[in-house]
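Peer 1: Let me begin by handing over the structure; questions about it come next.
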Amino acid sequence: MQLALDWAARGMFITAPNPRVGCVIVRDGRVIGAGHTLAAGQAHAEVQALRDAAARGNPVRGATAYVTLEPCSHHGRTPPCADALVEAGLARVVAAMEDPNPLVAGQGMARLRAAGIVAENGLLAAEAREMNIGFFSRMERGIPWVRMKAAASLDGRTALHNGRSQWITSQPARDDGHWWRARACAILTGIGTVLEDDPQMTVRAVDTPRQPQRIVIDSRLQISPDARILEGAGTLIVAAQPDAGKEALLRERGAEVLLLPNAAGKVDLAALLRELGRRQFNELHVEAGFKLNGSLLREGCVDELLLYYAPTILGDSAQGMFNLPTLTQLDAGIKLKMHQTSLVGPDLRLLVRTKTEG
C-alpha cells in the first residue's frame, strides 16, 4: 500500500478535481503492474495498473490489487474502475479507505464483493486521507481545504516597516513554497499584495503541467488592468462593490469578476469558499498580506498554516503576519495543532492546523 501511495504522489499536480490515487497489482509478493490516476477525463489508477501489467506481459487473473482509494462504481468521464477489476479477474482488492464521494461511498467495494472478489479497506487510511485532504474536504464540507502560506523572521515579521520583504527566507524555502502552490487548485491573494508587489502568483520553481487558478480579493475593484496577475487570462477577481466600467476592462483582459458582498460591504469569504467548492476546487493556497490573513483566520476560513521561519530577527517595527484584534485573555487566542516540522535549507517549516483534521 505504501508503494501505491508513492504512485499516487506521481499524480500530485494533475488529477484535480479527481483524487490522487495509486494502484499496484501483486502476485506472489511481486509487483506485476502499477499506475496512478491521470488528468480528469483520462484513465484512473486501476486501469493504468492493468494496462501496465498487460504491457509487461503479466496476467492479472487471481492477483491482488492495492489501491489508495475505493475503486469508483459510477459512470463519470470514465467507466467504473470496479467493473474493470471484476472483468480482469482479480481475486482480492485492498483499498486504503472508502471513497467519500456520495456517488461511490462503499458501492465500489460492494460491487467487487458481489462479483466474488475479496474486498477489504482500512490499510494506511490516515496516509491516504492526507494525500487527498482537499478532495475529502470538498466531499464532506462542500468547500476546499484552505492552506495559508507565510514567510517570516524568527520573531514573526513578514516585511520591514517600509514594506520590503524580498527576501526573508532562503531560495530552498521559496522553491518549496512553489511546490505547495503547484499542488493547489487555486492561489488566493488580496488587492494589497497586488498593489504593493505586482506578483504573478504562478508556479515557476517546479515543473508542473498546469497552473493553479489565480484569485484576487478586491472589494472595490482597485486592480489595474495591467497587473501581472492578469497575464495569461483566467484570473478570478472577487469584489463587493460593482463598477461596470472596471469590470468591462478586466473582462477584456480575460479575467472573471465575481461579486460576493457581505453586510459590511466587504467580500463574503465564507461564500467564496462555498463557490470554490461548487467549482470543484479541492485545495486553496493563500499567499496574502497580514490584513487578508487576519480576516480569513477571524472568520474561520483557514484549515492549515504553512509557515517558513528564517533564522533572523527584524524587530517590532516590522510588519506582522496576521491582523488580529487585541486580546485581553490568553485563552481567547486561536488554538492550533502542530502537524509537521522540518528544515528547508536554513529555514524552519511548520505545518500547523486550525481544525482537528489529522
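The values are calculated or read from the model by the stated rules, or taken from the named source; none is laboratory data. None of the values given here were measured: they were computed from a predicted structure. Don't worry about glycine lacking a Cβ; one is built from the backbone with ideal geometry, like all the others, and counts go over all protein chains shown. All accessible areas refer to the heavy atoms of the entire protein, side chains included, with ligands and DNA or RNA removed. Shrake-Rupley method; radii C 1.70, N 1.55, O 1.52, S 1.80 Å.
Peer 1: How tilted is helix 171-183 with respect to the longest principal axis of the chain? Cα atoms for both, answer in degrees (0 to 90, nearest 10).
Peer 2: The angle comes out at about 60 degrees.
Peer 1: On average, how much area does the Cα convex hull of segment 218-356 cover when viewed from any direction, in nm²?
Peer 2: Quarter of the Cα hull surface area: 11.5 nm².
Peer 1: Of Thr189, Met139, Pro102, which is farthest along the charge dipole of the chain in the positive direction, counting Lys and Arg as +1 and Asp and Glu as -1 at C-beta?
Peer 2: Going by the Cα projections, it comes out as Pro102.
Peer 1: Still on this structure, please answer the following. Rounded to the nearest 0.05, what FRET efficiency do Met338 and Ala248 have when you use their Cβ-Cβ distance and R0 = 41 Å?
Peer 2: It comes to 0.30.
Peer 1: When the chain is fully extended, how far beyond the present Cα-Cα distance does Thr328 get from Ala105, taking 0.36 nm per residue of separation?
Peer 2: Gain in length upon complete extension: 75.7 nm.
Peer 1: Additional query: With every protein chain kept in place and ligands, DNA and RNA left out, what is the accessible area per residue of the chain? Probe 1.4 Å, answer in Å².
Peer 2: With the other protein chains kept in place, the chain gives 45 Å² per residue.
Peer 1: Within the accessible area of segment 25-120, what % is carbon and sulfur when the probe is 1.4 Å and the other protein chains stay in place?
Peer 2: The C+S portion of the solvent-accessible surface of segment 25-120 is 51 percent.
Peer 1: Which of the GluC sites (Glu not before Pro) found in segment 263-299 are loop residues per DSSP with 13 or fewer other Cβ atoms within 10 Å of their Cβ?
Peer 2: Here the sparse-neighbourhood loop sites are Glu299.
Peer 1: While we're looking at this one, here's another question. Return the carbon/sulfur percentage of the accessible area of segment 279-358, one whole number, probe 1.4 Å, all protein chains in place.
Peer 2: With neighbouring chains kept in place, the figure for segment 279-358 is 56 percent.
Peer 1: Order 53-66, 317-330 from most to least packed using the mean count of other Cβ atoms within 10 Å.
Peer 2: 53-66, 317-330
Peer 1: Also: Hey, what do the phi angles of segment 35-50 turn into as Karplus ³J(HN,Hα) couplings, whole Hz, using 6.51/-1.76/1.60 and θ = phi - 60°, x for Gly and Pro?
Peer 2: x, 9, 4, 9, 4, 3, x, 9, 5, 7, 4, 4, 5, 4, 5, 5
Peer 1: What does the net charge come to around Val238 if you take all other residues with beta carbon closer than 13 Å to its beta carbon, with K and R at +1 and D and E at -1?
Peer 2: 0
Peer 1: Want the number for Glu130 to Leu160: 0.36 nm per residue separation, take away the alpha-carbon distance, what's left?
Peer 2: 7.2 nm
Peer 1: Over the chain, what is the relative contact order in percent, taking alpha-carbon pairs closer than 8 angstrom and at least six residues apart?
Peer 2: Computed value for the chain: 15 percent relative contact order.
Peer 1: Can you return the lysines within cross-link range of Lys149? Criterion is Cα-Cα under 19 Å, with same-chain partners fewer than 8 residues away left out.
Peer 2: Once the sequence-local lysines are set aside, what remains near Lys149 is Lys291, Lys335, Lys337, Lys355.
Peer 1: Now for a different question. Specify the inter-centroid distance of segment 179-215 and segment 233-262, based on alpha-carbon positions, in whole Å.
Peer 2: Each part's Cα centre sits 18 Å from the other's.
Peer 1: Only Cα pairs within less than 10 Å get springs; with that Gaussian network setup on the chain, which residue of Leu307, Leu343, Leu123 has the largest fluctuation?
Peer 2: In the Gaussian network model the winner is Leu343.
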